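Scroll down for the structure; my scribbles are underneath it.
The values are calculated or read from the model by the stated rules, or taken from the named source; none is laboratory data. Because the structure is a prediction, the values reported are computed rather than measured. Using ideal geometry, Cβ is built from the backbone for each residue, glycine included, and neighbour counts are taken over all protein chains shown.
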């Protein structure tokens, strides 16, 4: 189960996310200076899915359109390679030309649906 993000002034122990035994001694951080979820993840060397998504979007915004297109084309090629392996598994008798024909058919069906 993911650990909930820290909130400023909640009386929680920063190391374990367990409520401290003495709320008076809890570290009080003004809300405007509280660490972001990404900052907490970096300190704890843990990345939540939300923090990873924000980081990925941040990096995509820095990239040029050409860089983002290259990534998309690489991902498409990887997914086609995986589909080819599935086709070879389902049709072990298929030669390379037949595998490509079946792949094109799958792609056409995915566009139609």
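Report, ordered by the first and then the second residue, all pairs with beta carbons closer than 7 Å, sequence separation of six or more or different chains, a first member in the range 67-95 that is under 29 Å from residue 56 (Cα atoms), and a second member that is outside any loop (DSSP other than H, G, I, E, B).
Qualifying pairs under 7 Å: 68/60; 80/103; 83/103; 83/106; 84/99; 84/103.
Might you check whether a residue that is exposed (fewer than 11 other Cβ atoms within 10 Å of the Cβ) and closer than 18 Å to residue 107 by Cβ occurs anywhere in the range 57-68?
Taking every residue of the range 57-68 in turn, none turns out to be exposed (fewer than 11 other Cβ atoms within 10 Å of the Cβ) and closer than 18 Å to residue 107 by Cβ.
Hey, does the range 44-52 have a residue that's surrounded by fewer than 10 Cβ atoms within 10 Å (Cβ to Cβ), within 17 Å of the chain's Cα centre (by Cα), modelled with pLDDT under 95 and part of a helix (DSSP H, G or I)? Show your work before the answer.
Narrowing the range 44-52 to residues surrounded by fewer than 10 Cβ atoms within 10 Å (Cβ to Cβ): 45, 49.
Now narrow it down to the ones that are within 17 Å of the chain's Cα centre (by Cα): 45, 49.
In the following step, the residues that additionally are modelled with pLDDT under 95 were identified as 45, 49.
Subset that is part of a helix (DSSP H, G or I): 49.
Yes, there is a match, as at least one residue in the range 44-52 is surrounded by fewer than 10 Cβ atoms within 10 Å (Cβ to Cβ), within 17 Å of the chain's Cα centre (by Cα), modelled with pLDDT under 95 and part of a helix (DSSP H, G or I).
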